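Below is one structure, written out as structure tokens, with a few remarks after it.
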Amino acid sequence: MSGFKVAVAGATGNVGHEMLAILAERRFPVSEVVALASPASIGREVSFGDKTLKCRALEHYDFSDTDICLMSVGGAVSKEWSPRIGAHDCVVIDNSSAWRMDPDVPLIVPEVNAAAAKGFGKKNIIANPNCSTAQLVVALKPLHDRATIRRVVVATYQSVSGAGKEAMDELFAQTRAVFVSDPVEPKKFPKRIAFNVIPEIDVFMEDGSTKEEWKMMMETKKILDPKIKLTATCVRVPVFIGHSEAVNVEFVEPISADEAREILRKAPGCLVIDRREPGGYVTPHEAAGEDATYISRIREDPTIDNGLNLWIVADNLRKGAALNAVQIAEVLVNRRWLKPKLKVA
């Protein structure tokens, strides 16, 4: 099969950089890759493998000969542009929250519900889930298939890169300020993030939850099973890259920690590192730059029937965003649901 013309919108951001790197690493079958950004970034250079691409403006780009657009822009920009791009018969794989709960837009984690991606044709848009949801459902899916999940309780420990480059800069600047006794100024975050944790990600909702917590609940239901009950507390921690989750799962059927460990060892996208000794688990530092969803601290919960505890860690820029988007594109190509547009002579 000949190559696909792929555009990456938001190419200058954290996730856009990762999308370009992963397309090159995984040797996605491209005929051409185009870097798109805001007008302020026109001409700025970004890397694609050993090549350098100059950014073009999203709003002036003609998508009529482009096959796939990987979107890593804000929700408002995606709301405006994704339908326009889709109208050119270019499939948008969107990383924002704009389309996730749209009933006509598949919400896809390829290890979990790849078959649902076939429904992309209604709007030519496929949604990427929230980064914290993506790694969670990769680990839960094989266990749900075996013992049926009734309820999930999650506490997240989310890195600052999930809030963008400015957030990473703020953690760096504040950490330095603490060491040299300069004043610490919160800008991107509501409170100081250096040497602190903040139990607030996204906006507050009427019931006291934050939007991030709501997203985890609703997206897990859409991707995995609408019957699953899920409650989450989402916390920002002073880590640059890598989200961690402490997860308590209640199943309908009995399942032991040993059985869960064996199931997860064979599951796609999962890597079990679970030795009951000092350091026998994975932290976000080790997961940074890796594709796998790591599962550690697998143990039975004696306080409920059929309960397990898990520790789940992944690189949020990769599995939580860029890698998942490229994997969705691979599903479309490998299952021949998408063919390259014919080149006009």
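Miscellaneous remarks
- Evaluating kT/(6 pi eta Rh) at 4 °C and 1.567 mPa s, with the Kirkwood radius of the range 145-262 over Cα pairs in the Stokes-Einstein relation, gives 80 µm² s⁻¹.
- Phi-based couplings in Hz for the range 309-324 (Karplus 6.51, -1.76, 1.60; Gly and Pro marked x): 10, 9, 10, 10, 9, 8, 6, 5, 6, 9, 4, x, 8, 5, 4, 4
- Each Lys or Arg adds one and each Asp or Glu subtracts one; over the other residues with Cβ under 15 Å from the Cβ of GLY289, this totals -3.
- Solvent-accessible area of GLU262, all protein chains in place: 90 Å² (probe radius 1.4 Å, heavy atoms, ligands and nucleic acids excluded).
- Gaussian network model of the chain, Cα within-10 Å springs - most flexible of ALA260, ALA37, ALA76: ALA76
- Fully extending the segment from HIS88 to SER2, taken as 0.36 nm per residue of separation minus the present Cα-Cα distance, adds 29.0 nm.
- Solvent exposure of the chain as accessible area per residue, Å², 1.4 Å probe: 45 Å²
- Full extension of the segment from MET101 to ASP50, taken as 0.36 nm per residue of separation minus the current Cα-Cα distance, would add 14.6 nm.
- Of GLU45, GLU32, GLU330, the one that fluctuates the most in a GNM where the chain has Cα springs shorter than 10 Å: GLU32
- Relative contact order of the range 32-84, taken over Cα pairs closer than 8 Å and 6 or more residues apart, is 29 percent.
- Put a dot 7 Å past the Cα of THR283, heading toward its Cβ, do the same for ARG299, and the two dots end up 1.8 nm apart.
- Accessible area in the full protein assembly, largest first, 1.4 Å probe, for SER47, SER161: SER47, SER161
- Label-point gap, in nm, between ALA257 and ASP202 - each point 7 angstrom along Cα→Cβ: 3.3 nm
- Candidate residues LYS319, LYS165: accessible-area rank, largest first, probe 1.4 Å: LYS165, LYS319
- Fraction of accessible area attributable to carbon and sulfur, the chain (%, probe 1.4 Å): 52 percent
- Euclidean distance of C-alpha centroids, the range 134-187 and the range 227-287, integer Å: 14 Å
- Net charge of Cβ neighbours under 15 Å - reference ALA194; Lys, Arg +1; Asp, Glu -1: +1
- Additional length obtainable on full extension of the chain from ASP65 to ARG26, 0.36 nm per residue less Cα span: 11.7 nm
- In this structure, the amide hydrogen of PHE4, modeled 1.01 Å from its nitrogen in the peptide plane, lies closer than 5 angstrom to those of VAL30, SER31, GLU32, counting only residues at least 5 positions away or on a different chain.
- Cross-link table LYS141/LYS222; LYS5/LYS141; LYS222/LYS339; LYS118/LYS341; LYS229/LYS319, entries beyond 22 Å C-alpha to C-alpha: LYS5/LYS141; LYS222/LYS339; LYS229/LYS319
- ³J(HN,Hα) computed for each position of the range 81-87 - Karplus, 6.51 cos²θ - 1.76 cosθ + 1.60, integer Hz, glycine/proline x: 8, 4, x, 5, 5, x, 5
- Calculated from backbone phi, Karplus (6.51, -1.76, 1.60) coupling profile of the range 232-241 in Hz, x at Gly/Pro: 9, 10, 9, 10, 8, 10, x, 10, 6, 9
- Net charge over other residues, Cβ less than 14 angstrom from the Cβ of ALA35 (K, R count +1; D, E count -1): +2
- Accessible area ranking (1.4 Å probe, heavy atoms, ligands and nucleic acids excluded), largest first, for LYS123, LYS227: LYS227, LYS123.
- Nonlocal amide H pairs with ILE126, under 5 Å, H built at 1.01 Å: VAL92, ILE93, ASP94
- Virtual paramagnetic centre 7 Å along Cα→Cβ of LYS191, amide N under 13 Å, in the range 201-231: 201
The values are calculated or read from the model by the stated rules, or taken from the named source; none is laboratory data. Only a predicted model underlies this, so the values are computations on that prediction, with no experimental measurement involved. Quick reminder, even Gly has a Cβ in these numbers, built from the backbone with ideal geometry, and neighbours come from all protein chains shown. These accessible areas exclude ligands, DNA and RNA; they are computed on the full protein's heavy atoms, side chains included. Shrake-Rupley method; radii C 1.70, N 1.55, O 1.52, S 1.80 Å.
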